[in-house]
Structures are given as C-alpha cells and as structure tokens.
Amino acid sequence: MVVLDAGEKLKSIRDVLMRIVSVVGARPQFVKLAAMHLALSKRAYHSIIHTGQHYDPMLSDIFFSNLDIPHPDVNLSVGSGSHASQTASIITALEPELERLDPTWLVVYGDTNSTIAASLVGAKMGLKVAHLEAGLRSFNRAMPEEVNRVLTDHASDLCLAPSATAMDNLGREGLLDRSVMVGDVMVDVLYNTLNKLEISLNKSERLEGRYLVATIHRQENTEEEHTLRAVFATLDTMPLPVRLFTHPRLRNRIGRFSINTREYPNVEFLDPAAYPALIREVANAAGVLTDSGGLQKEAFLLRTPCVTLRAETEWPETIQLGWNRLAEPKAEGLADFLLGNQERNHDTNPYGNGTAAHLAVEAILAAT
Ligand code: UD1
C-alpha cells in the first residue's frame, strides 16, 4: 500500500478536482467571496488570491475572520496607487501566480480595479473567466467602477447576473448567450449573518433605534472639499444622530482638507465596522445615508429606508419599490424620505432567495 503524506494527498485532490481560483482585493469582494467559497469548495479545488488593494485590517483581515473565509493562498500586496498603476501592478503580479496554480476557471467579483486587472490577465492567458455580479450599470462612464464592470463583462466567458435588470443590460450589449441569472450572493451572506446574529429579517420583529447609519467613500463625494463638507453638513442637520463609519479614504480626506469633525456635532465619526457589526447597526437603524453600492441593497433587504448620495444606482429596484432615493448632498426632504410615511413595497425581492452562490457554481460547472 502506498501511504501519501499530507502534501501529496493535497496534490492528488488538486489533480482530481477542477481547479478554480478567485481573485479579490477590496472589502465588498470579501463579502461575496464568503458565499462563493462555501459553495465552490464543495465542488472544486478552490484557491484564493488577494491582490492587496485593501490592506487595512478593518477593511480586509476582519472580513476573512468574521465571514469564515480561509486565509488567501496568495497575497499580491499591491497596496494603493493611481487607478492605472494599481491596475498595472495587479496585472503584473497576478500572471505568474495563475501560471503556477493553473486553474480551469478564474472567478472575478464586482467592479474594482482588482476585478478588471484579473479578468484581463485571465482572458489573455486563455483561462475561462466568470464574472460574479455581472451586468450592473450606472451608465456613468466617469465612475471608475463603471469602466471596470463593462470591460470585465466583455472579457468574461460567463456573466453571472444578480438581477433581471442586470440580465437586460447584458442582453443590450450582446452578451446574453454567455449570461446566467443566479441572483445576488450578498443575499446569501446577509441571511447567514442574520441567522448567526439571531436578528429577524422581518422589520416589525426588530428594535427601531433612534439613529441613522452613514458611510461615504466614493471618489465623487470625497475628492472635492466643498462636496465633502456639503455631505457632512447634510448629515449634521438630520433629526436623529448619525453614526458615520469612516472608510480610510474618507479619514484621509478629512486630514487633507483639515476638516474639524467637531463642527458637525450630530455626526459620530467611527472607525469602519466589520460586516456583522454593520449589519446589526443597519438592521436596527431608522435609516441609512450612503454612497455604497452594497449598503443601499443591504438596507433594502433589511427594509431600512436609505438615501443614496449619488446621481445614479446600479440597483434601480430598490428605488422602484420605495426604499431608496438618489440625492445630491444638499437635496431637500431627505429626513422626510427616511422617517416619513412613504409608500413602500414590503413583499418583493428581486435579488433571489439566498441560493445565488449555489446557482453560480452550478452555472460555472455547466459551462466547463
Ligand atoms: C474600492 C473600489 C470601490 C469599492 C470600495 C469599497 C475601485 C476602483 N474602487 O474603492 O468600487 O466600493 O473599494 O471599499 O477599485 N486606503 C487605505 N487603506 C486601504 C485601502 C485604501 O488607506 O486598505 C485608502 C488609500 O488612501 C487609497 C484610497 O483609500 O488611495 C482608495 O483606495 P482604493 O482601494 O483604490 O479604492 P476605494 O476607494 O477603497
């Protein structure tokens, strides 16, 4: 009988199962990876490459530990930089790692610089590329994320769409024959987290805290001092205290513009929150103000009204169903929208029922 040591056993498992590599780098991708790792590791040999785009422990490590994701197999440690240099560093560092891991499929997530960089490397190397969260569009090409997601969809062999709207967008760009609607994996993660935290999905079974939650990090709200001050002024006039969880980019801009946060006494400037902690905050909040793509949808799923401080959204259903409103920082009536008696649809869920990761893995295996 031949006895294999642990390393040889791992190698033989690796050789029998299909090899799939996920590339992630930024906070929202770690959330999506949590659902996908659980589903992928049941059906394939799954390796994780972290580009290092996000490196602060509160934006990275804590997501891996809180969401039960194993340590990445590789960390490219690219760090911050201009869009072009960050993207280029990921491309250069990723290629040899993919040559070594030799996967059949490369899975890329969302719309960050890590996504576009990885999809380009995969396509150039002749790997099969699956894009999770494909088909989202803001139709605003000035957003770096919009460029990333359009190009990634077109470089991919399989577009895994989270909603019917995303499928329509893919259809309009001639990508329907490589697209599958699987639902949104962020629903899977949210439901698992609510179970663990013993928080009800049903709003009427939760406490309603007398506070609002806010997050701001997007380039269009943080690059100009007057825009950022307008955002803070709006938060400061809200009739309930605002808990603002500050992304490092926001901290950085507060310092660069020498903004004295004590000028905004209604706003509590807090460190970034870990995923379960933020979900707990949003579940019990009276409302949310954000420019995050993920948070506006989590607020919707938790039926907490949300104002999105942007000109457009990739999740139009949240608006059509009455839970989300787009607004400029200085817009009128924001508190009324959050706290007033608006008509809102309580029943419809356009983003799936928490099985999106399973359906995504089935779609990948079927396309192999
Ligand atoms: C990135 C994504 C965005 C996503 C967001 C979630 C792109 C183009 N954007 O934006 O779609 O919604 O992540 O957080 O990929 N920084 C730190 N520590 C870190 C990471 C960043 O201090 O761990 C600071 C640096 O000053 C850096 C700036 O934040 O220059 C921007 O970081 P970057 O990852 O390029 O983009 P995000 O704004 O985080």
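Details
- Selection status of Ser179, touching an Asp or Glu at 6+ places or on another chain (Cβ under 8 Å), on the phi < 0 side of the Ramachandran plot and surrounded by fewer than 24 Cβ atoms within 10 Å (Cβ to Cβ): no
- When we screen His50, His46 for residues that are closer than 21 Å to Leu151 by Cα, away from the ligand (no atom under 11 Å from the Cβ), free of Cβ contacts under 8 Å to residues at least 40 places away in the same chain and touching a strand residue (DSSP E or B) at 6+ places or on another chain (Cβ under 9 Å), the only hit is His50.
- Verdict on Glu208 being of a type in the set (D, E, K, R), more than 23 Å from Arg27 (Cβ to Cβ), modelled with pLDDT of 95 or more and not assigned by TED's automatic domain parsing to the domain that holds Val129: no
- Test: residue in the range 86-99 that is of a type outside the set (A, V, I, L, M), within 9 Å of the ligand (Cβ to nearest atom) and in a helix (DSSP H, G or I): yes
- One residue alone among Arg249, Arg280 is within 16 Å of the ligand (Cβ to nearest atom) and part of a helix (DSSP H, G or I), and that residue is Arg249.
- Residue among Gly122, Gly135, Gly110 that alone is of a type in the set (Gly, Ala, Ser), closer than 27 Å to Ala166 by Cα and out of contact with any Leu (no Cβ under 6 Å at 6 or more places or on another chain): Gly110
- Selection within the range 283-294 - surrounded by fewer than 24 Cβ atoms within 10 Å (Cβ to Cβ), touching a helix residue (DSSP H, G or I) at 6+ places or on another chain (Cβ under 9 Å) and part of a helix (DSSP H, G or I): Gly293, Gly294
- Selection of the range 188-203 for residues being part of a helix (DSSP H, G or I) and within 16 Å of Leu278 (Cβ to Cβ) yields Val189, Leu190, Tyr191, Asn192, Thr193, Leu194, Lys196, Leu197.
- Residue in the range 226-246 that is surrounded by the fewest Cβ atoms within 10 Å (Cβ to Cβ), counting only those that are within 16 Å of the ligand (Cβ to nearest atom) and part of a helix (DSSP H, G or I): Thr227
- Residues considered: Ala311, Ala233. Of these, the only one that is modelled with pLDDT of 95 or more, of a type in the set (Gly, Ala, Ser) and under 21 Å from the mean Cα position of the chain (by Cα) is Ala311.
The values are calculated or read from the model by the stated rules, or taken from the named source; none is laboratory data. Computed from a prediction, not measured in an experiment: that's the story for all the values here. Virtual Cβ from ideal backbone geometry, glycine too; neighbours counted across all protein chains shown.
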